[in-house]
Amino acid sequence: MKITRIGVIGAGIMGSGIAQVCAQAGYEVIIRDIEERFVEKGLQAIRDSLDRMVEKEKLVREEAEAVMGRIKGTIKLEDIAQSELIIEAVIEKKEPKRTLYQELESLCDPKVIIASNTSSLSITELASFSNRPNKFVGLHFFNPVPVMELVEIIRGLETSDETFNIVKEVVDNIGKVGIEINDSPGFAVNRILVPMLNEAAFALMEGIASREDIDNGMKLGCNHPIGPLALMDMIGLETILSVMESFYSEFGDPKYRPCPLLKQKVRAGHLGRKTGKGFYEYDIK
Ligand code: 3HC
């Protein structure tokens, strides 16, 4: 099956980034969220990102306009049904995903492939919520999607080779490097990255160093492009917490306990850049 149209569900940071890179590769993209204002915010994030690329002379203005021309926004799930590949990037909770996949079953042709951008949930379990576990796969992008080169392609227990190969071709076409992963909590990258980030929150909570010194330590001592506390603010503290919670419950190992400071910040609604406050403070538009 040749993919020409891609539906993206969820117009948040990840969904809008995914829609952008797919459209840049020439796919027709339709991006759906539950309210007009969320769709508009996602489209605006794409415009801003493309403008930035034009300013940096990575893209000419006409190309940026052509990319925007390939992206349509909608609040109607049925508008997504014509896509051959649907990439879901909604909230990291099982129940809304289950409901969504069941709605998709009644709208989409059985040939349609469903991919989840989940960072913490089991692809095998999410696939079981659909009636097409062989046509279900994980496509885990990294933030900021237009910049980061990696996509983890995750095989659930029943993902077919055909499905894997089709999405691998899409990943190649959008110019990303796809790595093949067998379903396991946190896949490969988050399994390694997120406990390190959680440890940075412990270091701050225990007063080992200031937030700036912890971040500078990892930037200057390990050549990370950004410190772990700043990176958590960029990713979203609730995402880090949900990944740690899933490790803790899946592996039953106390080494994965989420840092209490991280929990407190999430409870306070201090989720990072998107709320203007996390480990640092930000101006929000
Ligand atoms: N769209 C387009 N271009 C963008 C962009 C966006 N949204 N964000 C940044 N860029 C470009 C900039 O234009 C700039 O281009 P240039 O090199 O040609 O000048 C380049 O990226 C670097 O950006 P800046 O100069 O503004 O800022 P930095 O040098 O600080 O880089 C960064 C920003 C690339 C985000 C860098 O800080 C970085 O690599 N951080 C680490 C990111 C990371 O680890 N991501 C993975 C998170 S884990 C994850 O997502 C998984 C999830 O499940 C938790």
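Of everything in region 169-198, what is within 15 Å of the ligand (Cβ to nearest atom) and either part of a helix (DSSP H, G or I) or aromatic (F, W, Y) (or both)? Give them in sequence order. Answer for region 169-198, where residues must be within 15 Å of the ligand (Cβ to nearest atom) and either part of a helix (DSSP H, G or I) or aromatic (F, W, Y) (or both): F187, V189, N190, R191, I192, L193, V194, P195, M196, L197, N198. Scan region 12-31 and give yes if some residue there is within 16 Å of the ligand (Cβ to nearest atom), over 29 Å from R132 (Cβ atoms), at pLDDT 95 or above and of a type outside the set (D, E), otherwise no. No, region 12-31 has no match at all.
In region 247-256 there is no residue matching the filter, namely being more than 11 Å from the ligand (Cβ to nearest atom) and within 12 Å of A200 (Cβ to Cβ). Restricting I208, I214, I235 to those that are within 15 Å of the ligand (Cβ to nearest atom) and not charged (D, E, K, R) reduces the list to I235. Tallying residues that are at pLDDT 95 or above and over 20 Å from the mean Cα position of the chain (by Cα) within region 230-249 yields 1.
Listed here are the residues, each with its yes/no results for (1) under 21 Å from G236 (Cβ atoms); (2) crowded, with 23+ Cβ neighbours inside 10 Å; (3) within 16 Å of the ligand (Cβ to nearest atom); (4) not β-branched (V, I, T).
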residue: E78; (1), (2), (3), (4): no, no, no, yes
residue: K94; (1), (2), (3), (4): yes, no, no, yes
residue: K97; (1), (2), (3), (4): yes, no, yes, yes
residue: L139; (1), (2), (3), (4): yes, yes, yes, yes
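Within region 43-72, residues that are free of Cβ contacts under 8 Å to residues at least 40 places away in the same chain have Cβ atoms under 9 Å from residues that are among the β-branched types (V, I, T) and assigned to a loop (DSSP other than H, G, I, E, B) in these pairs: V54/V60, counting only partners at least 6 apart in sequence or on another chain.
Restricted to strands (runs of 3 or more DSSP E) entirely inside region 1-91, those with at least 3 residues that are in contact with a Ser or Thr (Cβ under 9 Å, 6 or more places away or on another chain) are 5-9, 28-32.
Residues of region 217-232 that are assigned to a helix (DSSP H, G or I), within 10 Å of the ligand (Cβ to nearest atom) and in contact with a helix residue (DSSP H, G or I) (Cβ under 6 Å, 6 or more places away or on another chain): P228, A230, M232.
Among the residues of region 131-145, those that are touching a strand residue (DSSP E or B) at 6+ places or on another chain (Cβ under 9 Å) and either assigned to a strand (DSSP E or B) or of a type outside the set (A, V, I, L, M, F, W, C) (or both) comprise R132, K135, F136, V137, G138, L139, H140, F141.
Per the listing I214, I235, the residue uniquely hydrophobic (A, V, I, L, M, F, W, C) and out of contact with any strand residue (DSSP E or B) (no Cβ under 9 Å at 6 or more places or on another chain) is I214.
The values are calculated or read from the model by the stated rules, or taken from the named source; none is laboratory data. Note that the structure is predicted; figures quoted are calculated from it, not measured. Cβ sites come from the backbone with ideal geometry, for glycine too, and all protein chains shown count toward neighbours.
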